[in-house]
Amino acid sequence: MSKTRMKERSKKKTHPVIKEIISEAMKHEAWHPLAQRLSGPTRRFASINLFQLNEQAKDGETLVIPGAVLSLGVFEKKCTLSALKLTATAKTKIAESKTGVVDMLELIKKNPSAKGVRIVA
């Protein structure tokens, strides 16, 4: 998808945080896949359970979830998560596993090259 198309789609977004994440992600080429996912319809945002994340994650990597993290299962990996939404019970389970949770906008600003980051959806 082109930058112009992503800009047009982001104008239709009403959530100010999502708009800001899209605009920041579009500034860096490595983050374009995330901007593309977030500029699409919200019904296409990912909803992923902890057990699915546990299967896909590797220790030491950073996972970006363009959607919600749900609480079904257990998360045992030592990695960093960044998601639009975490359910309350998912937050407690993630805190118990000593996994770091980072704001998506903060992650884009800290790591503009997206090194060691994987988008899970």
For region 68-88, which positions are within 17 Å of Asn49 (Cβ to Cβ) and assigned to a loop (DSSP other than H, G, I, E, B)? Ser71, Leu72, Gly73, Val74, Phe75, Glu76, Lys77, Cys79, Thr87
From the list Ser2, Ser97, Ser10, Ser82, exactly one residue is at pLDDT below 90 and buried (at least 18 other Cβ atoms within 10 Å of the Cβ). Which is it? Ser10
Of the conditions (1) of a type outside the set (Ser, Thr, Tyr); (2) touching a His at 6+ places or on another chain (Cβ under 7 Å); (3) surrounded by 16 or more Cβ atoms within 10 Å (Cβ to Cβ), Pro112 clears all except one; give me its number. (3)
Go over the candidates Thr99, Thr80, Thr92 one by one and state the one that is closer than 28 Å to Lys13 by Cβ and β-branched (Val, Ile, Thr). Thr80
Is at least one residue of region 89-105 part of a helix (DSSP H, G or I), among the aliphatic types (A, V, I, L, M) and closer than 18 Å to Glu24 by Cβ? yes
Filter region 49-79 down to residues that are crowded, with 18+ Cβ neighbours inside 10 Å and touching a Gly at 6+ places or on another chain (Cβ under 7 Å), then give me how many there are. 3
Only one of (1) under 30 Å from Arg5 (Cα atoms); (2) surrounded by 16 or more Cβ atoms within 10 Å (Cβ to Cβ); (3) in contact (Cβ under 8 Å) with a residue 60 or more places away in the chain does not apply to Ala30, and that is (2)
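The values are calculated or read from the model by the stated rules, or taken from the named source; none is laboratory data. Quick caveat, the model's predicted, so the values are computed rather than measured. Because the Cβ atoms are built from the backbone with ideal geometry, glycine has one as well, and the counts that use them run over all protein chains shown.
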